[in-house]
Amino acid sequence: MTFTGMRRYLDLRAQGNAAAAAQHELFAAQADRLAAEIGQLQLRLAYLRGKADLRDARVRKDVDAENQAIDDVTRVIDRFAGRGTSR
């Protein structure tokens, strides 16, 4: 949570149950931001794993695994670029 968000929370907490709806909105918004951040981290992880798989396939000279890794990395890049989640 941001510093401003923490201040807002403390202000709302001091108001008790009267501010329950506002607290809910604050926490729900924070949860949404965190979910988006986790999604981006998962994409970054998938990209790195795909690149590692690609390098491994090339070292092993496994053309099928290399092609699969290229497809996987391309899908992740498409997701980063907002071009969808499936191919």
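The values are calculated or read from the model by the stated rules, or taken from the named source; none is laboratory data. As the structure is a prediction and not an experimental result, all values here were calculated from the model. FYI the Cβ positions are ideal-geometry reconstructions off the backbone, even for glycines, and counts take in every protein chain you see. Just the protein is used for accessible areas: all its heavy atoms, side chains included, with ligands, DNA and RNA removed. Shrake-Rupley method; radii C 1.70, N 1.55, O 1.52, S 1.80 Å.
Criterion applied to 83, 13 was being open to solvent by 100 Å² or more (accessible area, probe 1.4 Å) and not in a helix (DSSP H, G or I), and the one residue passing it is 83. Could you run through the range 43-67 and say how many residues are part of a helix (DSSP H, G or I) and more than 23 Å from the chain's Cα centre (by Cα)? Of the residues in the range 43-67, 11 are part of a helix (DSSP H, G or I) and more than 23 Å from the chain's Cα centre (by Cα). Taking the criterion of being open to solvent by less than 60 Å² (accessible area, probe 1.4 Å) and touching a residue at least 24 places away in the same chain (Cβ under 8 Å), the residues of the range 30-80 that qualify are 30, 43, 46, 50, 72, 73, 76.
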